[in-house]
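Undergrad: Starting off with a structure, shown below.
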Amino acid sequence: CILHAIRQKDRLLYYPYESFEEVIRFVNEISENPDVIEIKATLYRVSKDSAIAKAFLKALQNGKTVCVFIETKAKFDESNNIYWGEMLSKAGATVIYSYPAIKVHSKIMHVKAEHNGVVQQYAYVGTGNFNEKTSKVYTDYGLLTANKRITKDINRVFEVLEGKIILPKP
């Protein structure tokens, strides 16, 4: 179980030297894991046949709450992003499209699971896109972690994107 392994130790992935299949495996596992209750992710450049988006659809079918923030200003990939946003929305996901004044270029995911009555948080933080095709071309890193400081920060980013927290202007 990947979640158990991440609780024991962070996992740093390095693409394309390691396979992006590890991320796809992670997302497929959390979409099927009965302990997982919530998945949130930012989607910047989604492939036309996205294994990640398909796993989110599977998560919805399995009763998980899914929220995705979709960046619509992703040159050349806008139509893929909008297509998957519509598919996820129709399936019951909360879909938030980018705001005109900002561009969200982060590649993050936040996962909540309940193990024996205790909620545990997990996160993925990456420099590359959730795109299995470009992961074979570009050099990027992806961190899978259960570190409480990191998961708290990633959760907070989603609270801002969802409008639950309004940051004061500088």
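The values are calculated or read from the model by the stated rules, or taken from the named source; none is laboratory data. Here the structure is a predicted model, which is why all the values come from computation and not from measurement. In this analysis, Cβ positions are derived from the backbone assuming ideal geometry, glycine residues included, and neighbour counts consider all displayed protein chains. Accessible surface areas use protein heavy atoms only, side chains included; no ligands, DNA or RNA. Shrake-Rupley method; radii C 1.70, N 1.55, O 1.52, S 1.80 Å.
Undergrad: For the range 65-170, run through the chymotrypsin sites (Phe, Trp or Tyr not before Pro) and keep only the ones in DSSP coil with at most 11 other Cβ atoms within 10 Å of their Cβ.
TA: Qualifying residues, ordered by number: Phe76.
Undergrad: Still on this model: Pop out the carbon and sulfur fraction of the accessible area of the range 18-146 as a percent, whole number, probe 1.4 Å.
TA: 53 percent
Undergrad: First measure r as the distance between the Cβ atoms of Glu86 and Glu21, then evaluate 1/(1 + (r/R0)^6) with R0 = 41 Å and state the FRET efficiency to the nearest 0.05.
TA: E between Glu86 and Glu21, to the nearest 0.05, is 0.95.
Undergrad: Please compute, for the alpha-carbon atoms of the chain, the extent along each of the three principal axes and give them in descending order in Å.
TA: On the principal axes, the chain reaches 41, 39, 36 Å in Cα extent.
Undergrad: Once amide H atoms are built 1.01 Å from N in the peptide plane, which residues 5 or more positions from Ile96, or in another chain, come under 5 Å H to H?
TA: Residues meeting the criterion, in which the H sits 1.01 Å from N, are Val68, Phe69, Ile70.
Undergrad: Leaving out ligands and nucleic acids, note down the accessible area per residue over the chain with a 1.4 angstrom probe, in whole Å².
TA: Value returned for the chain: 53 Å² of accessible area per residue.
Undergrad: Please report how far the C-alpha centroid of the range 40-61 lies from that of the range 76-142, rounded to the nearest whole angstrom.
TA: 7 Å
Undergrad: The range 1-62: which chymotrypsin sites (Phe, Trp or Tyr not before Pro) are DSSP loop and have at most 16 other beta-carbon atoms within 10 angstrom?
TA: Tyr17
Undergrad: Relative contact order for the chain: what percent, with Cα pairs under 8 Å and sequence separation of 6 or more?
TA: In percent, rounded to a whole number, it is 28.
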